[in-house]
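Data block below; observations after.
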Amino acid sequence: MKVTIDVDLSPEEARRLMGLPDLEAMQQRLLGQLEKQLASNLSYIDPEMLVKTILPVGAQGLENFQSLLWNLAKSATGGGKAGTKTTKKSDKGA
């Protein structure tokens, strides 16, 4: 036997129903502090250094990734060398 009960509650009502504490005031204070820290440190952030941190190999890495995707697409459609080799191997095995 399966019983389903649907309860239509707002998040605040669900929190109260389960007896969870109201942390909204603390969250607002923490978000305010975080915003102040981010705003004060924003002047120290060097965009070039940020990009180098995120993409350590730079444009070369993006070109390599693009080349990888093109090669995968070619082999998937049978247009690249990898697709040709796969076809020959399967012909020998069949």
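For the reader, a short list of remarks on this structure follows.
- Of the residues E48, E24, the one with the fewest other Cβ atoms within 10 Å heads the list, and the complete ranking is E48, E24.
- For the range 4-12, the Karplus equation 6.51 cos²θ - 1.76 cosθ + 1.60, evaluated at θ = phi - 60°, returns couplings of 10, 10, 9, 10, 9, 10, 7, x, 5 Hz by residue, with Gly and Pro reported as x.
Here, each number is a calculation from the coordinates, and none is a lab measurement. As the structure is a prediction and not an experimental result, all values here were calculated from the model. Cβ: placed from backbone, ideal geometry, glycine included. Neighbour counts: every protein chain shown.
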